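Here the structure comes first, spelled out in structure tokens, and everything after it is commentary.
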Amino acid sequence: MSDTRVSVVIPAYREGDVIVPVLERIEEGVSLEHELLVVVDDDADSTVPFVEALAREGMPVRALLNTYGPGPANAIRFGIDSAQSPVVVVTMADGSDDPRLIDDLTRLVERGVVVAAASRYMPGGQQVGAPFLKRMLSRSAGRSLSLLARVGTHDATNSFKAYSTDFVREVGIDSRYGFEIGLELTAKARRLRLPVAELPTIWLERATGVSRFKVASWVPHYLRWYRFAFGPELDPEELRRRAQADS
């Protein structure tokens, strides 16, 4: 591990110069020692030259070429595996997340939780924009998991979360498709009976570019981890066996 306290993983796909203000806001909002890892699937991705230009100007940012396979889940897995800090935060390249929360989410993990969630659906949180179906499904899943499965957050599906790097590497990531990793790791923490906490956040629909969220094709993968959150406590070995059996 390096001296950085948090590695911020940002999966990106052809963001071009749109990534610049997003990274600048993260730099402005994060006061802890950190590294920024922008993960792309192709070294010809239009995001890369703008990331490299910011790095030359002194920003602690690197563009990483994902070698695990295409798609956001693989990009996030690759970024977490490349992280050099004891805490990793996953945030989006579209600017929808509030980077000022990264410090506080990191401190929650440093205090002992394994997952610290930025929550749109707890008191004080808000979701501005987003298609109706996506918003309804996310809110319904988050609230029902909080009430019925006691997962520790009202927003288990939100990708904007901080994790203990050791926890992630112990339980592994089985997701290979969309952005369901946030739900997967929350469900795994619940089955291990490890602490999860949340802080309210305001999420804004992206102002430019096109969202890569594919509701119809990704819902079955979210349902897999939704169901997995329910059940008795497991030890780490049994959890890994159960998770792989469900794949």
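FYI, it's all coordinate maths here, none of it is from the lab. Keep in mind that this is a model prediction, so the values were computed, not measured. For neighbour counting, all protein chains shown are included, and Cβ atoms are generated from backbone atoms with ideal geometry for every residue, glycine included.
Observations, loosely collected:
- By the count of neighbouring beta-carbon atoms within 10 Å, fewest first, Asp246, Asp3 end up ordered Asp3, Asp246.
- Protection proxy ranking, peptides 39-48, 174-183, 123-132, average beta carbon neighbours within 10 Å, highest first: 174-183, 39-48, 123-132
- Order of Met122, Met92 - criterion: other Cβ atoms within 10 Å of each residue's Cβ, fewest first: Met122, Met92
- The angle between the Cα long axis of helix 215-228 and the longest principal axis of the Cα atoms of the chain comes to about 50 degrees, rounded to the nearest 10.
- Taking the empirical scaling 2.2 N^0.38 Å for compact globular proteins as reference, segment 1-141 has a Cα radius of gyration ratio of 1.05.
- Structure remark: mean-square fluctuation, Gaussian network model of the chain, C-alpha springs under 10 Å; the largest value among Lys188, Lys161, Lys134 belongs to Lys134.
- Cα convex hull volume per residue for the chain (Å³): 114 Å³
- In degrees, nearest ten, helix 19-29 long axis to first principal axis of the chain (Cα): 70 degrees
- Net +/- balance of residues flanking Arg139 in space, Cβ distance below 10 Å, scoring K and R +1, D and E -1: +3
- For Gln127, the amide hydrogen comes within under 5 Å of the amide hydrogens of Trp203, counting only partners 5 or more places away or on other chains and with H modelled in the peptide plane.
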